[in-house]
Amino acid sequence: MMRLNTVFTLFFVICLTLVAGQERDCDELARRCESCVRRLDNAIDRDLPLFNRECRQRTELSWRWRNVGRCELSKLNCLGWESPMNCEDIARRAGMERRRI
């Protein structure tokens, strides 16, 4: 019985260590993205004007939309990995100002 408890405890510690080691580093993702995007000479890919225009229209009654670039969007998606993100979620996670109705 003592040996079984030791095995279970060891198994639990290993699982806990593996899960903790997989923690997402969203800030690091954004930093790496920025360094990569700087080397690209493609403003449309970097600044996402169509995406920002679409989200600005979809959220015009509820949020003061500010443009979100590729790397900030990647970071926000990393932070919100547990659920699908729409324009409202992105505005909330990005700390955009809510409009008063």
What are the ³J(HN,Hα) values, in whole Hz, obtained from phi via the Karplus relation 6.51 cos²θ - 1.76 cosθ + 1.60 with θ = phi - 60°, for each residue of the stretch 77-85 in sequence order, with x given for Gly and Pro? 5, 5, 5, x, 4, 7, 8, x, 10
With 0.36 nm assigned to each residue of separation and the Cα-Cα distance removed, Arg53 to Asp89 gains 11.4 nm
To the nearest 0.05, how large is the calculated FRET efficiency for Arg39 and Arg64 if R₀ is 25 Å and r is the Cβ-Cβ distance? 0.20
Spelling out what I want: for every residue of the stretch 43-55, take phi, set θ = phi - 60°, compute 6.51 cos²θ - 1.76 cosθ + 1.60 (Karplus), and round to whole Hz; glycine and proline get x. 4, 5, 5, 6, 9, 6, x, 5, 4, 5, 5, 4, 5
Quick calc, Trp81 & Glu28: beta-carbon distance into FRET formula, R0 22 Å, rounding 0.05, result 0.90
Which percent of Cα pairs goes in each bin when the distances of the stretch 25-98 are cut into 5 angstrom slices starting at zero? 3, 17, 25, 24, 19, 10, 2, 0
Amide H to amide H under 5 Å from Trp63: which residues, 5+ apart in sequence or cross-chain, H placed 1.01 Å off N in plane? Arg99
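None of the figures in this text is laboratory data; all of them are computed from the coordinates on show. In this text the structure is predicted, and so the values were computed from the model without any measurement. With ideal geometry, Cβ positions are generated from the backbone for all residues, glycine too; neighbour counts draw on all protein chains shown.
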